[in-house]
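J.: To start, I am sharing the structure in question, which I have written as structure tokens.
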Amino acid sequence: PHAAYDEQNIFAKILRGEIPCNKVFEDEFALAFHDINPQSPHHILVIPKGAFVSFDDFTAHASDAEIAGFIRAVGMVARDAGVVDSGYRLLANIGKDAHQEVPHLHVHILAGRPLGPMLA
Ligand code: 5GP
């Protein structure tokens, strides 16, 4: 793992099975689970299996297979959730100005209600 990667972050613990999650999908590249504090009727987090702090770290250091596998998983999770027809939003917070809380890359899938303006 990256020197800056905190092995004790909450999503690292979820990946190791040390704390539970409400899993919706898992494969070689990605794990998806329900957000503990949902902001919409569907609020799923998709994380890569590898130790990447953020989208920036991921796109700089992940292999093409990891990137393809992760992005494909995000699309599959949304289709499996049945939200494609009504629409959904993908969101990734990177760093402090974006209020990234957990230092392991996660993409939010938000859906199930009109989501309003993008920026708060
Ligand atoms: P961020 O602000 O880093 O983009 O979002 C972190 C997200 O992780 C928040 O939406 C928060 O509710 C969610 N979260 C934080 N801790 C846990 C946890 O232990 N389990 C789950 N399922 N979600 C969590």
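Please treat every number below as a calculation from the coordinates, not as lab data. Remember, it's a predicted structure, so these values are computed and weren't measured experimentally. Here the Cβ is made from the backbone with ideal geometry for all residues, glycine too, and neighbour counts use every protein chain on show.
J.: Would you list, by chain and number, the lysines whose Cα falls below 23 Å from the Cα of Lys23, excluding same-chain residues fewer than 8 positions away?
T.: Those lysines meeting the cut-off are Lys13, Lys49.
J.: Then there's this: Helix 64-81: angle to the longest alpha-carbon principal axis of the chain, degrees 0 to 90, nearest 10?
T.: The answer is roughly 30 degrees.
J.: Set the Förster radius R0 to 25 Å, insert the Cβ-Cβ distance between Lys23 and Ser86 as r into 1/(1 + (r/R0)^6), and round the FRET efficiency to 0.05. Write down the numbers at each step before the final one.
T.: Numbers: r = 23 Å, r/R0 = 0.92.
Here the calculated transfer efficiency is 0.60.
J.: Counting only trypsin sites (Lys or Arg not before Pro) that sit in a DSSP loop (anything but H, G, I, E, B) with at most 12 other Cβ atoms within 10 Å, what is the longest stretch of the chain containing none of them?
T.: Counting at most 12 other Cβ atoms within 10 Å as exposed, the longest clean stretch of the chain is 17-95.
J.: I need to check one value: relative contact order of the chain, counting alpha carbon pairs closer than 8 Å and at least 6 residues apart, in percent.
T.: Working: 176 pairs, mean separation 36.9, N = 120.
Once divided by the residue count of the chain, the mean separation gives 31 percent.
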